[in-house]
1. Look at T156 and say whether it is of a type outside the set (D, E), in a helix (DSSP H, G or I) and within 15 Å of the chain's Cα centre (by Cα).
2. So, A97, is that one open to solvent by 10 Å² or more (accessible area, probe 1.4 Å), without any contact (Cβ under 8 Å) to a residue 24 or more places away in the chain and not charged (D, E, K, R) or not?
3. Considering only segment 82-125, how many residues are touching a Cys at 6+ places or on another chain (Cβ under 8 Å) and either part of a helix (DSSP H, G or I) or aliphatic (A, V, I, L, M) (or both)?
4. Any idea which residue in segment 122-144 is farthest from K85 (Cα to Cα), counting only those that are open to solvent by 50 Å² or more (accessible area, probe 1.4 Å) and touching a helix residue (DSSP H, G or I) at 6+ places or on another chain (Cβ under 8 Å)?
5. Taking I157 as meeting all but one of (1) modelled with pLDDT of 95 or more; (2) surrounded by fewer than 20 Cβ atoms within 10 Å (Cβ to Cβ), write down the number of the exception.
6. So which of R186, R195, R182 is free of Cβ contacts under 8 Å to residues at least 60 places away in the same chain and in a strand (DSSP E or B)?
7. Q78 versus (1) at pLDDT below 95; (2) not in a loop (DSSP other than H, G, I, E, B): which is the lone unmet condition?
Amino acid sequence: MGEQAGGHDRLVEPRRKASRSSLAAHAKFLAEFITHPGRMGAFAASSRALAKRMADQIDWSNAQAVVEYGPGTGTVTQELITRVKPGAKFFAIERSAELAAICRKRLPQVKLYEDSAENIVELCRKEGIEQLDVVISCLPWASFPEKLQDSILAATIKALKPGGTFVMFGYQMGLFTPAGRRFHSRLPRYFDNVRRTRVVWLNLPPALVFMGERKQQPVIAGA
Ligand SMILES: C[S@@+](CC[C@H](N)C(=O)[O-])C[C@H]1O[C@@H](n2cnc3c(N)ncnc32)[C@H](O)[C@@H]1O
């Protein structure tokens, strides 16, 4: 596990530097997709438009503890850190060592764990966070086996406070694939008021954002 710390001012300041997109980062993302398609679920990083659409779903004024799953090269992270309010805690969890290295280089002010989102409870403990207010997922859920979906969702439910916000994106085509439909049909077990935004066409592939609030008493698969 690797980690780096930073306060709110240091999160926002280096933004200009961070926004210089790197060809090497795009190449690495594509290479990761070729090597681990099921873990990546996409051949290109998310667009700024999608990152903004995700961030717009969150009530940042009440978000004291926020986590991002799967930051990749940091495109969504870059938007999120401009919204985190001073004094709030934010960290990210990335499974790929290669992408974590790029994200750290691009956004050195972000606390980043090279780990799996399955370990969110343990990582919150490390951070001194009792319960999260917001979980932002960039994970390719529809590409995951059901067992992994269940274990990440179960851990998320433990870490997220009742009524806490869960935000994720999915690709538009996932609305029509059996795996995508199966995953989306599971969300109401864990979250109330599950809803989605309009399609973000300025993304490759076009995507939409889903969100819901953690149920008071969710039915946890396998529990
Ligand atoms: C679709 S990419 C999104 C990357 C980036 N957030 C973006 O929007 O461009 C999915 C990311 O999730 C990461 N990932 C996959 N499984 C993971 C897991 N179990 N825990 C944490 N990250 C994971 C992948 O390595 C990859 O960086």
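1. Spelling it out, T156 is indeed of a type outside the set (D, E), in a helix (DSSP H, G or I) and within 15 Å of the chain's Cα centre (by Cα).
2. Yes, satisfied.
3. Of the residues in segment 82-125, 3 are touching a Cys at 6+ places or on another chain (Cβ under 8 Å) and either part of a helix (DSSP H, G or I) or aliphatic (A, V, I, L, M) (or both).
4. The selected residue is S143.
5. (2)
6. R195 is the lone residue from the list that is free of Cβ contacts under 8 Å to residues at least 60 places away in the same chain and in a strand (DSSP E or B).
7. With (1) at pLDDT below 95; (2) not in a loop (DSSP other than H, G, I, E, B) applied to Q78, the lone miss is (1).
Yes or no, residue by residue, for (1) within 21 Å of S116 (Cα to Cα); (2) within 15 Å of the ligand (Cβ to nearest atom); (3) surrounded by fewer than 24 Cβ atoms within 10 Å (Cβ to Cβ):
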{"site": "G38", "(1), (2), (3)": "yes, yes, yes"}
{"site": "A42", "(1), (2), (3)": "yes, yes, yes"}
{"site": "A49", "(1), (2), (3)": "no, yes, yes"}
{"site": "W60", "(1), (2), (3)": "no, no, yes"}
{"site": "Q78", "(1), (2), (3)": "yes, yes, yes"}
{"site": "K85", "(1), (2), (3)": "no, no, yes"}
{"site": "A88", "(1), (2), (3)": "no, no, yes"}
{"site": "A92", "(1), (2), (3)": "yes, yes, no"}
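The values are calculated or read from the model by the stated rules, or taken from the named source; none is laboratory data. Predicted, not measured: the structure shown is a model, and the values here were computed from it. Glycine gets a Cβ as well: all are built from the backbone with ideal geometry, and neighbour counts include every protein chain shown. The area values use the complete protein model at the heavy-atom level, side chains included, leaving out ligands, DNA and RNA. Shrake-Rupley method; radii C 1.70, N 1.55, O 1.52, S 1.80 Å.
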